[in-house]
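As structure tokens, the structure follows; a few thoughts come after it.
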Amino acid sequence: MQELVRKNIRALQPYSCARDEFRGREAHVFVDANESPFNTGYNRYPDPLQEEIKSLLAPIKNVHPDEIFLGNGSDEAIDLVYRVFCEPRVDNVVAMAPSYGMYEVCANINDVEYRKVLLDENFHLHADAMLSAADDHTKVMWICSPNNPTGNDMDRKEVKRLLDEFPGILVVDEAYIDFSSLRSLRELVRLYPRLIVLNTFSKAWASASVRLGIAFAQSEIIALFNKVKYPYNINLLTQQYALDLLRNSEKIQRWTNDVKREREIVVPALKEVKCVVKVYPTDANFVLVKVTDAVRIYNYLVDRGIVVRNRNNVQLCGNCLRITIGNKEENNEVLGALRSF
């Protein structure tokens, strides 16, 4: 693992938070962090390691608290992968395509070569192609499953081959895993020290505006993320919200089941719409639909106050729209508009 980490990160002395220096001992007077004594409840810096959230989240996700990193959205964890493991202008990463755009954006920001490997015509992943694109400077591979924008799970046998044969970091983004019938790969984190699994509060947990992302990995990688991240990356209001949601987490499964039920109605209904050419299989809370003219239909829907995602310019997704599964009223409005086109 240490050979994969950038030399400057290995040598980095992280910023020491005032609250870390007395951790494990009791205190009631805080005059160490130059905080205001006024506005009690909001005048103190938040827990830099979000320990209470992790203690509640760990049993729900069947992991240990020290295998959890919490970030300002999953994008913070994505960026940290580059900052911890990839030497700018030296190393490269390999990613399947099409997939989530922030992997490439963060690569460009960090000045790391981004190598795309196209999925096949059915949006399936082939480990041989990913491995062939790698070389001695490939530090990371990116897998999104279920994939965005295609919606499908990646073949676990192919992912397992990458885990077994690729000597670098394998990141599996499972933002949509709660809508899939497959079990999460975070259960393999303890077996594979180079595996990072991403998750989020944005999708099944219905909290996109809160911006709270999750990374699961062995404690050595989590410690590296905590070493490099900004000291108080999750603010108090977000932490309080997350704690309340975790204490009432039984409703998450209800929300997820409602989306799945609507998906089972929307997908077959879309197949009967005249302007729809193909509906791709989905394991997520959205569906990729090939239509007769994506640009015209997108603008037609916008004119009626309906916003979908136009993926026409994405590789392998010509004339495709990505449609999120909403509530019954939203789904009926989308279907009605498409039937009238």
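The values are calculated or read from the model by the stated rules, or taken from the named source; none is laboratory data. As the structure is a computational prediction, the values presented were derived from the model and not from experiment. So basically every Cβ, Gly included, is an ideal-geometry build from the backbone, and we count neighbours across all protein chains shown.
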Write out, first by first residue and then by second, each pair whose Cβ atoms fall under 8 Å of each other, whose residues are 6+ apart or on separate chains, and whose first residue, in region 318-340, is acidic (Asp, Glu) while the second is assigned to a loop (DSSP other than H, G, I, E, B).
-> 333/306
Confirm whether residue 123 is touching a helix residue (DSSP H, G or I) at 6+ places or on another chain (Cβ under 6 Å) and either among the aliphatic types (A, V, I, L, M) or modelled with pLDDT of 95 or more (or both).
-> no
Hey, does region 221-234 have a residue that's of a type in the set (A, V, I, L, M), more than 23 Å from residue 145 (Cβ to Cβ) and not in a helix (DSSP H, G or I)?
-> yes
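One line per residue, one yes/no per condition, for (1) more than 30 Å from residue 250 (Cβ to Cβ); (2) touching a residue at least 40 places away in the same chain (Cβ under 8 Å); (3) in contact with a Ser or Thr (Cβ under 6 Å, 6 or more places away or on another chain); (4) of a type in the set (Asp, Glu):
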site	(1), (2), (3), (4)
13	yes, no, no, no
30	yes, no, no, no
41	no, no, no, no
104	yes, no, no, yes
Log entry, pairs with first residue in region 258-269 being in contact (Cβ under 8 Å) with a residue 24 or more places away in the chain, second being in a helix (DSSP H, G or I), beta carbons closer than 6 Å, six or more apart or on different chains, reads 262/331; 266/331; 269/335
Every pair of residues 6+ apart whose Cβ atoms lie under 6 Å, when the first sits in region 279-303 and is more than 13 Å from residue 319 (Cα to Cα) while the second is polar (S, T, N, Q) = 281/152; 283/152; 283/180; 286/324
Answer yes if at least one residue in region 298-318 is in contact with a Gly (Cβ under 7 Å, 6 or more places away or on another chain) and of a type in the set (Asp, Glu), and no otherwise.
-> no
Any chance you could count how many residues in region 201-260 are surrounded by 20 or more Cβ atoms within 10 Å (Cβ to Cβ) and among the aromatic types (Phe, Trp, Tyr)?
-> 4
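So that you can scan it fast, the table gives a plain yes or no per residue for (1) farther than 24 Å from residue 188 by Cα; (2) assigned by TED's automatic domain parsing to the domain that holds residue 195; (3) over 19 Å from the mean Cα position of the chain (by Cα):
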{"site": "118", "(1), (2), (3)": "yes, yes, yes"}
{"site": "144", "(1), (2), (3)": "no, yes, no"}
{"site": "150", "(1), (2), (3)": "yes, yes, no"}
{"site": "157", "(1), (2), (3)": "no, yes, yes"}
For residues in region 47-60 being touching a strand residue (DSSP E or B) at 6+ places or on another chain (Cβ under 7 Å) and in a helix (DSSP H, G or I), which is surrounded by the fewest Cβ atoms within 10 Å (Cβ to Cβ)?
-> 58
Is one or more of the residues making up region 92-114 closer than 15 Å to residue 149 by Cβ and more than 18 Å from the chain's Cα centre (by Cα)?
-> no
How many residues does region 175-198 contain that are farther than 21 Å from residue 250 by Cβ and surrounded by fewer than 16 Cβ atoms within 10 Å (Cβ to Cβ)?
-> 5
Check 161, 190 and return the single one that is in contact with a helix residue (DSSP H, G or I) (Cβ under 9 Å, 6 or more places away or on another chain) and either under 30 Å from residue 259 (Cα atoms) or touching a residue at least 40 places away in the same chain (Cβ under 8 Å) (or both).
-> 190
Within region 222-239, the count of residues that are of a type in the set (A, V, I, L, M), closer than 23 Å to residue 4 by Cβ and either modelled with pLDDT under 95 or more than 17 Å from the chain's Cα centre (by Cα) (or both) comes to 3
So which strands (runs of 3 or more DSSP E) stay within region 247-324 end to end and still have 3 or more residues that are among the aliphatic types (A, V, I, L, M), at pLDDT 95 or above and in the same structural domain as residue 207 (by TED's automatic domain parsing)?
-> none
